[in-house]
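I have placed the structure first, in the form of structure tokens, so that the comments after it can refer back to it.
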Amino acid sequence: MKIASHSDITEAVQPLLSPECEHSAEDRGAPNGSISGAVFNISTTMIGAGIMSVPATMKVLGLVPGFLVILLVALVTNVTVEFMLRYTSSGKSTTYAGMMGESFGSVGSLAVKICVLITNFGILIIYLIILGDVLCGNESNGITHLGVLQEWFGINWWTSRAFTLLIVALFIMLPLVMLRRVDSLRYTSAISILLALVFLAICSSMAFSALLSGKTQSLRMVPDFSLVTVLDLFTTIPVFVTGFGFHVNVHPIRAEIGKVTHMGKAVKISLVICVVVYFAIGFFAYLLFGDSIMPDVLVNFDQNSNTHVGRLLNDIVRISYALHLALVFPIMNYSLRINIDELIFSNKNKPPLALDTPRFVSLTLSLLVLTYLVAVAIPNIWYFFQFLGSTTVVCTSFIFPAAIVLRDMHGISKTKDRVIAISVIVFAVGTSGIAIWTNLNPGDG
């Protein structure tokens, strides 16, 4: 759809609108999102659950290759987002699925919707599962790990996973997912980033303390091939692809920021922030825990300390991370809701989702309830999470934007663009294929 507008800037649309719907600009209001709000929302999307897996990648890659891989994925992310912004501006579509539909028809549009559905719904479930683990504990290999609430108040029905997650869903997540504009989440996104920085500050202070007392671990600059194989290195890339994969939120955020140039600036600022945060967390956590670091570094903080200060820091780390995920949840839910609405309610006679209160409320509540029920019923889906970065996320982040450039329905791609697009697809398919094969055949490496 194209908005009836009085200036070029108002070609951006409300993110919840279906591309087929046409309403006057007065009914929707002009875009008024800020660059800072876009930076907060983009950064929050990228600094999600993936930050807890970054330190383990440093153990595999070593610090120097680890930083280079983070930088490489960030650069590819910037290129593919730029592709999306250019083709959105040249076309009539205002959603990711619509943009793919312009190039590849209904099959392309459906592919995006399915990938977003699998990715975002899976990540939302994982967020709730991690929240349950942090607050209520879990059981792994016959060993029970107590959550923060159980350590404080003992094991009771009101510290159980089902009840605690219900309270979190009702009083934290529900009010946030009911917001109809993504820019309205900029303040919670800023708090979410602040909480991630709290984790980084505590981790770095503990690392410096250990360094002064001579208790830090030796750092590995390059991979130790006596411990890992070349193929093992490729299993780290999907972790960063998942972390930097905010592409499904490009259109909702762009729609409210107004100018495409502002969106490009917000993306670059966000990528710089995330590169710094990712490497800093990986460096300090690796310095602190060394080769004993776990795939989820939060487990390393879930240790009984001999000092009150140590126990307090462990609790602060876990609680700040739990709150961080709770505030990331509505951003991921936003793009999921858009795509489900597009998938189910594609009738041209339907009003925009933001203006259709019964449809908006029923869809929002259904998603939250379903996510809660699955997270309580299936408390461990880490294997599913491992494959997201190798399959659906790599499609929406790298393969689909590059394919749009190669298809070039608007005739705007140059030879340089096509070469870059081919390189991106080869990189994405190659690394993901090797990562999947290595995960399926761990003994063959």
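All of the numbers you see were taken from the coordinates with simple rules; none came from a lab. Predicted, not measured: the structure shown is a model, and the values here were computed from it. All Cβ positions, glycine included, derive from the backbone under ideal geometry; neighbour counts span all protein chains shown.
For this structure, a couple of remarks:
- Simple rule: put +1 on each Lys or Arg Cβ and -1 on each Asp or Glu Cβ in the range 220-270, find the dipole, and look at M221, T235, M263; the Cα lying farthest toward the positive end is M263.
- Inter-part distance, the range 218-283 to the range 388-439, computed on C-alpha centroids, equals 16 Å.
- Relative to the current alpha-carbon distance between A210 and D408, full extension at 0.36 nm per residue lengthens the span by 65.8 nm.
- Distance from the C-alpha centroid of the range 91-132 to that of the range 36-89: 18 Å, rounded to the whole angstrom.
- Computed from the C-beta positions of I114 and S34 and an R0 of 22 Å, the FRET efficiency is 0.10 to the nearest 0.05.
- Label-point separation in nm, L146 to S90, each point 7 Å along Cα→Cβ: 6.1 nm
- Listed by chain and number, the lysines whose C-alpha is less than 22 Å from the C-alpha of K113, apart from same-chain residues fewer than 8 away, are K2, K92, K348, K350.
- Two-site FRET efficiency, L373 against L312, from Cβ-Cβ distance with R₀ of 45 Å, rounded to 0.05: 0.85
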